[in-house]
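Trainee: Structure in structure tokens, see below.
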Amino acid sequence: MEKEQVVTLIDAFKVFKEEKNIDRPVMMGVLKDVFMTQIAKTFGSSDNFDVIVNVDKGTCEIYQNFDIVETVTNPNTEITLGQVAEETGDDDYEIGDTYTKKLSLQSFGRRGILNIRQNLQGRILDIDKGNVFKKYKEKEGEIFTGEVYQTWSKEALILDEDGNELHIPKSEQIPGEHFKKGDTVRAIIKTVDLKNNTTPYIILSRTSNEFLERLFEQEVPEIIDGLITVKKVVRIPGERAKVAVESYDERIDPIGACIGVKGSRILGIVRELRNENIDVIQWTSNPVLLIQRSLNPARVSSVDMGASEEDKVRVYMEPDEVKKGIGRGGCNIHLAGMLVGREIEVWRQASQDAADGEEDVLLSEFSNEIDQWIIDKLESIGCDTAKSVLAISPEDLASRADLEDETVEEVLAILRAEFED
């Protein structure tokens, strides 16, 4: 039985030896530590033992050193001349010499061999975990390509070429994505955690701004070459994104370089992101000009930056430009605000009158009949007058301003009454 245990231990040693990602000094140190630990348990101390590891051959030799004495008081550290002669047949030893004896693995007994094997396998596993953690921790922020192994309602499991598990939670998947087993997936390595000595938990993301930035780096050589830099990326995953770029060479058009001939470069990125609309904007340090560019395709008449950076930015547009400036579901104005780092409100130009000749009325005039928070929500989507609200369908008002249907109907009734004969 002990012989079988020894064979199993040797097999474990070979597995350890063949781990390609483990440095040679680390291998030798761990093996010595495992054996020394068991020696101390078996013999009470490891002070008089030597462990010699041959990594190349996958062998480990253990030697016990004895002081030769007349009378033995500790059989684990001392031996008599008679005992040495009996074991070796050699009479050349003297009192005070050191006698070294090679130990077989069977000397540890069945339980000892089992402990060594289990400790060795545990240390192999720990080192492997540490190597995986280090490998992917150094790659945080880089794009990873892998194959889907399994999918669940809350996440998809990806395997790398070594069988390590990587996870894409539902929150890191682009809305509407449905992966199948065997699909090839590209994502950015977002975080790598190692808690309580467990297997490294690697999270991938397809919704992060960094993922879009890395895709641009892959598709646009000028970015890698340092001729163009991506200044800022903002996204509403699956809907729309804005990428601000700047060129360090006046001869290079940064927008044209990112889009490519006939859209050849940007189309690949758009397809990767499930047809996410991507606006490429030329960066500027002028905040007013950046806001105007970020609200494209709408034309901005004027911009009021406010007295401080905490104030909302008021952007004035012609009535027929407001819808384009706000975008579907308010995504265009929301992304523009994220890009410039300020909250933006779209206002219709106050000089615009209704087509029928009747003067419009500011929503603020209805503060006695309509709650201020409702007025604020309507103004945030560019509806600062009564007729600008009435020009939008109840369904769109409820969706864009995030209001209940009943609230919208009450507001519309109040505003319609203003213009009744």
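Trainee: Under 12 Å from a point placed 7 Å out from the Cα of residue 162 along the Cα-to-Cβ direction: which residues of the range 185-221 have their backbone N that close?
Mentor: Residues passing the 12 Å test: 200.
Trainee: So with the 1.4 Å probe, I'd like the accessible area per residue for the chain, rounded to whole Å².
Mentor: The answer is 55 Å² per residue.
Trainee: Nothing charged except the Cβ atoms of Lys and Arg (+1) and of Asp and Glu (-1): what's the magnitude of the dipole of the chain about its Cα centre? Round to the nearest 20 debye.
Mentor: That gives the chain a dipole magnitude of about 1580 debye.
Trainee: Right, something else. Span-like helices, the chain: DSSP H, alpha-carbon axial extent 30 Å or more, mean Kyte-Doolittle 0.5 or greater, which ones?
Mentor: Helix filter hits for the chain: none.
Trainee: Shifting gears a bit: Out of 146, 403, 112, whose Cα points farthest toward the positive end of the dipole of the chain (charges: +1 Lys, Arg; -1 Asp, Glu; placed on Cβ)?
Mentor: 112
Trainee: Can you give the net charge of the other residues whose Cβ lies under 9 Å from the Cβ of residue 306, counting K and R as +1 and D and E as -1?
Mentor: Its environment carries a net charge of -1.
Trainee: Grab every C-alpha pair in the chain, bin the distances at 20 angstrom width from 0 up to the longest one, and report whole percents.
Mentor: Taking all Cα pairs of the chain, the binned fractions are 19, 31, 22, 15, 10, 3, 0 percent.
Trainee: Could you give the size of the charge dipole of the range 18-143 about its Cα centre, using +1 on the Cβ of each K and R and -1 on the Cβ of each D and E, expressed in debye and rounded to the nearest 20?
Mentor: Approximately 1160 debye in magnitude.
Trainee: Follow-up question, since we're still on this one. Leaving ligands, DNA and RNA out of it, rank 334, 178 by accessible area with a 1.4 Å probe, largest first.
Mentor: From most accessible down to least: 178, 334.
Trainee: If you don't mind, another one. Once you've got the Cα coordinates, tell me which of 324/387; 154/190; 129/154; 324/377; 32/101 are over 21 Å apart.
Mentor: Where the Cα-Cα span goes over 21 Å, the pairs concerned are 129/154.
Trainee: Report the gain in length on full extension from residue 103 to residue 67: 0.36 nm times residue separation, minus Cα-Cα distance, nm rounded to one decimal.
Mentor: 11.3 nm
Trainee: Report the one residue of 173, 158, 224 whose Cα lies farthest in the direction of the positive end of the charge dipole of the chain (charges on C-beta: Lys and Arg +1, Asp and Glu -1; origin at the Cα centre).
Mentor: After comparing all options, I get 158.
Trainee: State whether the range 377-421 is rounded, prolate or oblate according to the following rule on the C-alpha gyration tensor (a ≥ b ≥ c being the square roots of its eigenvalues): a/c under 1.5 gives rounded; otherwise a/b larger than b/c gives prolate, and the remaining case gives oblate.
Mentor: oblate
Trainee: Please return the longest range in the chain lying between exposed loop sites, taking trypsin sites (Lys or Arg not before Pro), DSSP loop only, at most 11 other beta-carbon atoms within 10 Å, and leaving the sites out.
Mentor: The reported range is 252-421.
Trainee: Which whole-percent values make up P(r) of the range 270-411 when all C-alpha to C-alpha distances are grouped in 5 Å steps starting at zero?
Mentor: All Cα pairs considered, the percentages come to 2, 9, 19, 21, 19, 15, 9, 4, 2, 0, 0.
Trainee: Using unit Cβ charges (K, R positive; D, E negative) and no other charged atoms, how large, in debye to the nearest 20, is the dipole of the range 108-249 about its Cα centre?
Mentor: In total the dipole reaches around 960 debye.
The values are calculated or read from the model by the stated rules, or taken from the named source; none is laboratory data. Bear in mind the structure is a predicted one, so any value in this text is a computation, not a measurement. Cβ: placed from backbone, ideal geometry, glycine included. Neighbour counts: every protein chain shown. Each accessible area value is taken on the protein alone, full model and side chains, heavy atoms only, with ligands, DNA and RNA left out. Shrake-Rupley method; radii C 1.70, N 1.55, O 1.52, S 1.80 Å.
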